[in-house]
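The structure under discussion appears below in the form of structure tokens.
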Amino acid sequence: MVVSNRLPVDRVTAHDGTPSWKPSPGGLVTALEPVMRRNHGAWIGWTGVADDPIEPFESDGLRLFPLTLSEQEVEQYYEGFSNDTLWPLYHDVIAQPKYAREWWEAYSRVNERFADRAAEVAEQDGTVWVQDYQLQLVPRLLRERRPDLTIGFFNHIPFPAYGLYSQLPWRQQIVEGLLGADLIGFQRRADAGNFLRAVRRLFHMPTTHNRVELLPAGAGRWPNSGSEKPRSVVARHFPISIDTKAYVDLASSEAVRRRAEEIRHDLGDPSTIMLGVDRLDYTKGIGHRFTAYAELLAEGKLDVNDTVLMQVASPSRERVESYKALRDEIELTVGRVNGDYGTIRHSAISYLHHGYPREEMVAMFLAADIMLVTALRDGMNLVAKEYVASRVDDDGVLVLSEFAGAADELKQALLVNPHDIEGVKRAILHAVHMPRSERRQRMRALRARVVEHDVARWSQDFLDALAVIRPSASTRELAETD
Ligand code: GDG
């Protein structure tokens, strides 16, 4: 069973008002769908709409259990504590986290509701995989309710160093919540290290390699209720990936290839197309990218007549204040850069505040000579992997922030520190002038990585590790069926 903030389906309403469900396009669904389907798996999550009570239903062999959130819970648990407290804190305080007690209370209450529902639905001796930072209290709450279960947790975003994490007034409760799991997965080795340090600092518990030995009741500062048997918890990195084959197939299709040519033509057939694709989020370093590009135009090192930066900024968390402010700031910058450097024929930045179908995204990836990923902090950054997977022609250059988890794996990219604007400018110029042979060599190596390490392998590695840590009947079965 999977427990995540959102269900893996989106509701679509036909013209006549009839509702139906279609799978969400995200990578998590693709990753877990096959294994879930084989095991007739269940999924607990919110539908994405407030005050929307919906009975459990089946969709394509998955049993879906919608959890209803009230308008106030959406504001306090989701937009508040998850996206305005934890998100900025876990991304190294790029924006100021807000610590509001009523948000914490809502977060605790909603986590209890998720745990209650999971405890009701999970089979005896089953395996439950809890996803992401919105549900960090669920592992412990679920273990209290159902000690028979094997519990995994995966954190999709970074876990900060203790010096920052310790700001959180509820730092102890969150770590306790996570330690309810048997296996805690992180994107990077460094995230797992930060978490293990937080465990040692907060509870004075011994950790060896990547394992925490939970102390018996009353020992150290561990608030073990006494009813629980001593056990150990493993915290390790499992870098997430993408459905590589799906991107390869799309990029190989005639229609997408033609569309890529059309995009290039519509942009005025420039010699260099640069591309950014991000949710409009302050962690993604969109402004830093614009600064570097604008300076290159100002210095005459790039020419607006034969260069364009296409930026897809998909709408995100639009009711959260810091996101509204970011949108204003980014759009002001786009206006300034275009005003200063554009001509009647050519815009410097082609800015698109929309979401696009995946086919269109792949066509953009194929059209882009240079992909700019300049995140200030990012758990992984799937876009970097999607670009690489789409370049079936072994061409294109990836400029990648060392602060994105993907940098641990995609070493043949041009790695940059996005705060170092001169460094980003050098990387862009290196990419613009890179000979075809070097582009091919780098892209081949990058592609080999994402072909071999796709998202199916990610979920399999996690579930295999979970089965080893706690070989219950159901995890044994899961490991065997794969
Ligand atoms: C979190 C972590 C971690 C974006 N715009 C459109 C669109 N997208 C798709 C991308 C990609 C996904 O959304 C974004 O994934 P990222 O990894 O880049 O970033 P987050 O949304 O912040 O995701 C991150 C991830 O979780 C997984 O663990 O890597 O670090 O922050 O797949 O392609 N897709 C379509 N149209 C758009 O306009 N179809």
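The values are calculated or read from the model by the stated rules, or taken from the named source; none is laboratory data. Source: prediction; values computed, not measured. Cβ atoms come from the backbone with ideal geometry, glycine included; neighbour counts cover every protein chain shown.
For ALA427, indicate whether it is within 16 Å of the ligand (Cβ to nearest atom) and assigned by TED's automatic domain parsing to the domain that holds MET274. No. Only residues that are over 20 Å from the mean Cα position of the chain (by Cα), within 21 Å of ASP306 (Cα to Cα), surrounded by 18 or more Cβ atoms within 10 Å (Cβ to Cβ) and within 16 Å of the ligand (Cβ to nearest atom) were counted across region 325-380, and they come to 7. Within region 274-319, the residues that satisfy the criterion of being within 16 Å of the ligand (Cβ to nearest atom), aliphatic (A, V, I, L, M) and more than 25 Å from PRO97 (Cβ to Cβ) are LEU275, VAL277, MET310, VAL312. As a summary of the residue check, ALA389 satisfies the conditions (1) in contact with a helix residue (DSSP H, G or I) (Cβ under 9 Å, 6 or more places away or on another chain); (2) of a type in the set (A, V, I, L, M); (3) loosely packed, with under 15 Cβ neighbours inside 10 Å except for the one numbered (3). Look at (1) under 23 Å from the mean Cα position of the chain (by Cα); (2) hydrophobic (A, V, I, L, M, F, W, C); (3) farther than 25 Å from ARG200 by Cα; (4) crowded, with 22+ Cβ neighbours inside 10 Å and you find that LEU135 fails only one, number (3).
In the set PHE114, PHE57, only one residue is among the aromatic types (Phe, Trp, Tyr), more than 23 Å from VAL320 (Cα to Cα) and loosely packed, with under 14 Cβ neighbours inside 10 Å; that residue is PHE57. The single condition among (1) within 24 Å of PRO216 (Cβ to Cβ); (2) surrounded by fewer than 17 Cβ atoms within 10 Å (Cβ to Cβ) that ALA161 does not satisfy is (1). For region 100-115, enumerate the residues that are under 19 Å from SER166 (Cβ atoms) and either of a type in the set (Gly, Ala, Ser) or under 23 Å from the mean Cα position of the chain (by Cα) (or both). Hits for region 100-115 are ALA100, TRP103, TRP104, TYR107.
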